[in-house]
Amino acid sequence: MSENAIELRGITRTFGSNPALRGVDLVLPKGPVGLLGPNGAGKSTLLKIILGLLNPTTGEGSVFGYPISPTSTAPARLRSLVGYMPEADALVPGLRGVDYVSLAGELCGLTRKQSLRRSHEVLEYLELGEARYRNVEEYSTGMKQRVKLAQALVHDPPLLLLDEPTSGLDPAGREAMLRLLKQLGQDFGKTMLIST
């Protein structure tokens, strides 16, 4: 695996004639880093390129040495290395919290048994143990943010891409989420790219 978590060279992305990114160069060593910018600056687009969900218009990059591209030969390996917390809820109505997180684990390559075990562990760690059997659409905003974080963590990836993890939270909720992210970095050595 590469020494750096992410390496990008000359990344641009246009949508029609509208540029979303222009010549992004980035070397992200292991550890937490913030990605700051106003709405519309291209932060979410950049995260989707890093995930291999979007192709850059020009430029190239890698995650732990694996090329980023929807046509890459290593998408399954990349999924096991990256946990993604989207800005939008992306919750599946009718699924209980434990089932939602467990499904994410299976999609990242865990067996059903491993995924269910890890789901319970992560939900307990994120203080959602008592709510694990409730449907996700019944969760408060803070609980929804934590269950989205749980699905990003369930397969224990070394890299977390977090898109607006404090979105919609009140000041106390934002503070709690930031403390939790700091703890993940300190206790588990997670590399995080946090967009806000």
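The values are calculated or read from the model by the stated rules, or taken from the named source; none is laboratory data. On a predicted model such as this, the values are computed, not experimentally measured, just so you know. Backbone-built Cβ (ideal geometry, glycine too); neighbour counts: all protein chains shown. Calculation scope for accessible area: heavy atoms of the full protein, side chains included, ligands and nucleic acids excluded. Shrake-Rupley method; radii C 1.70, N 1.55, O 1.52, S 1.80 Å.
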Taking only the Cα atoms of region 127-196, how large is their convex hull per residue, in Å³? 92
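Round to a whole number: what % of the accessible area of the chain belongs to carbon and sulfur, probe 1.4 Å?
Details: 5150 of 9810 Å².
Percent of accessible area from carbon and sulfur atoms in the chain: 53.
Give me the percent relative contact order of region 1-112, please, defined on Cα pairs under 8 angstrom at least 6 residues apart. Numbers along the way, then the final one.
On the way: 148 pairs, mean separation 27.4, N = 112.
RCO, region 1-112: 24 percent.
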Which one, ASN39, VAL27, SER140, is farthest towards the positive end of the dipole of the chain when Lys and Arg carry +1 and Asp and Glu -1 on their Cβ? VAL27
Arranged from highest to lowest average of other beta-carbon atoms within 10 Å per residue, in what order do the peptides 139-145, 186-192 appear? 139-145, 186-192
Inter-label distance for THR12 and THR141, nm, one decimal - labels placed 7 Å from Cα along Cα-to-Cβ: 3.8
Rounded to whole Hz, the Karplus (6.51, -1.76, 1.60) HN-Hα couplings of region 89-102, x for glycine and proline: 4, 6, 8, 9, x, x, 8, 6, x, 5, 6, 4, 5, 5
Approximate spin-label separation ARG77-ALA90, in nm, with each point projected 7 Å along Cα-to-Cβ: 2.3
With θ set to phi - 60°, apply the Karplus curve 6.51 cos²θ - 1.76 cosθ + 1.60 along region 32-43 and write out the HN-Hα couplings as whole Hz, x wherever there is a Gly or Pro. x, 9, x, 10, 9, x, x, 4, x, 7, x, 4
Under the Karplus curve 6.51 cos²θ - 1.76 cosθ + 1.60, θ = phi - 60°, whole-Hz ³J(HN,Hα) for region 173-187, x wherever Gly or Pro sits: x, 4, 4, 5, 5, 5, 4, 5, 5, 4, 5, 4, x, 6, 7
Can you tell me which of TYR84, TYR66, TYR133 moves the most in a GNM of the chain? Springs connect C-alpha atoms under 10 Å apart. TYR133
Virtual spin-label span in nm between GLU124 and THR111, 7 Å along Cα→Cβ: 2.0
Which length gain, in nm to one decimal place, applies between LEU36 and LEU53 when the Cα-Cα distance is subtracted from 0.36 nm times their residue separation? 4.0 nm
Average accessible area per residue (Å²) across region 131-196 - probe 1.4 Å, nucleic acids and ligands excluded: 41
Within the under-10-Å Cβ sphere about LEU8, not counting LEU8, Lys/Arg +1 and Asp/Glu -1 give a net charge of -2
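Nearest-5 percent of antiparallel DSSP beta bridges in the chain? Mind dumping the intermediate values first?
On the way: 15 of 28 bridges.
Here the share of antiparallel DSSP bridges comes out near 55 percent.
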Could you point to the residue in LEU107, ILE6, GLY83 farthest towards the positive end of region 1-132's charge dipole, with +1 and -1 charges on the Cβ of Lys/Arg and Asp/Glu respectively? LEU107
Over the alpha-carbon set of the chain, divide Rg by the Kirkwood Rh and report the Rg/Rh ratio to two decimals. 0.96
In a Gaussian network model over the chain where Cα atoms closer than 10 Å are linked, find which of LYS113, LYS182, LYS148 has the largest mean-square fluctuation. LYS113
Restricting things to alpha carbons, tell me how big region 20-123 is in terms of Rg and Dmax, in Å. 15.7, 44
